[in-house]
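Here the structure is laid out as structure tokens; the discussion comes afterwards.
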Amino acid sequence: MAKTTTRAVGSGSPARRTMTAAARAAAKRAERAERDPAAAVAEARPLAGRTVVIEPPEGWDDPPEPAPEDFEEDAPAASVRGSRRGLLTAVLCVLVVAGLVAVAVLGMDYRDRVGAEQARAQALAAARKAAPVVLSYDHRHLDRDFAAARAHLTGTFRDEYGRTTRAVVGPTARKYEGVVKATVAEPAGGGTPAASVVSASADEAVVLLFVNQVTRSTRVTGARVDLNRVRMTMTRTSEGWKVSAVDAL
């Protein structure tokens, strides 16, 4: 088969030369196909596994690989955030502790005030009941009167009362047939006996009483009336409120 295109070397534009070369290549492939069809088919198949290597331009520098620390959190910022969290936690703990302490203090104060109020009422009632018994006696039944009085007493005062009645009051009352009758004074128009609480805590109270004592004996003509002010110290015990001290004012 004759060539379809001829040209002189070095003639024509670049595009024209490219087209001419392509035409010649196509003519050659056609000739080979006529001579060996199998080879032409194999040549037409695309080549597999071809690797294309692209050379980097001159002066190109590969970028540096990122370091592991580039992916880590900024240390100063993390430290600041950690410090803030720690400070916040500490402040919250302080507030919680302060709140608990305040609640405990208020609870104790409330308990003490309630206890003191209850003590005032209980101690006052016990003092009004005890005073006539402790400050009275009759020579005809001293042992019974002194035993009844001791039931209202406690502590060292109970022991002191026992010694005094045995050594002084008992013998004198028998000798002169003494009789003493004590009562807590009442207002002229009637009402609550004249007694009041001077001070009180949950376990102790001081009560002031106005006591009238009527005394009869062989040494006195008729009856003698003594108007006394008596201060009683009351102490809470397992058996209730007892007299732990008596002072005549």
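Values in this text are rule-based calculations from the coordinates and carry no lab data. Because the structure is a prediction, the values reported are computed rather than measured. So basically every Cβ, Gly included, is an ideal-geometry build from the backbone, and we count neighbours across all protein chains shown.
Residues in the stretch 126-160, backbone N under 12 Å from the label point at E177 (7 Å along the Cα-to-beta-carbon vector): list them, ranges by number please.
139-140
If I stretch the segment between L87 and E239 completely, what's the gain in nm (0.36 nm per residue apart, minus their alpha carbon distance), one decimal? Can you show the working numbers first?
Working: separation 152, 0.36 × 152 = 54.72 nm, distance 5.48 nm.
Answer, rounded to one decimal: 49.2 nm.
Does the stretch 107-248 classify as rounded, prolate or oblate by the C-alpha gyration tensor (a ≥ b ≥ c root eigenvalues; a/c under 1.5 gives rounded; else a/b over b/c gives prolate, otherwise oblate)?
Working: a/c = 3.11, a/b = 1.67, b/c = 1.87.
The shape class here is oblate.
If you average the alpha carbon positions of the stretch 215-238 and of the stretch 178-208, how far apart do those two centres end up, in angstrom?
12 Å
So what is the relative contact order for the stretch 107-248, in percent, with contacts set as C-alpha pairs under 8 Å and at least six apart? Walk me through the numbers before you get to the answer.
Details: 255 pairs, mean separation 37.1, N = 142.
RCO, the stretch 107-248: 26 percent.
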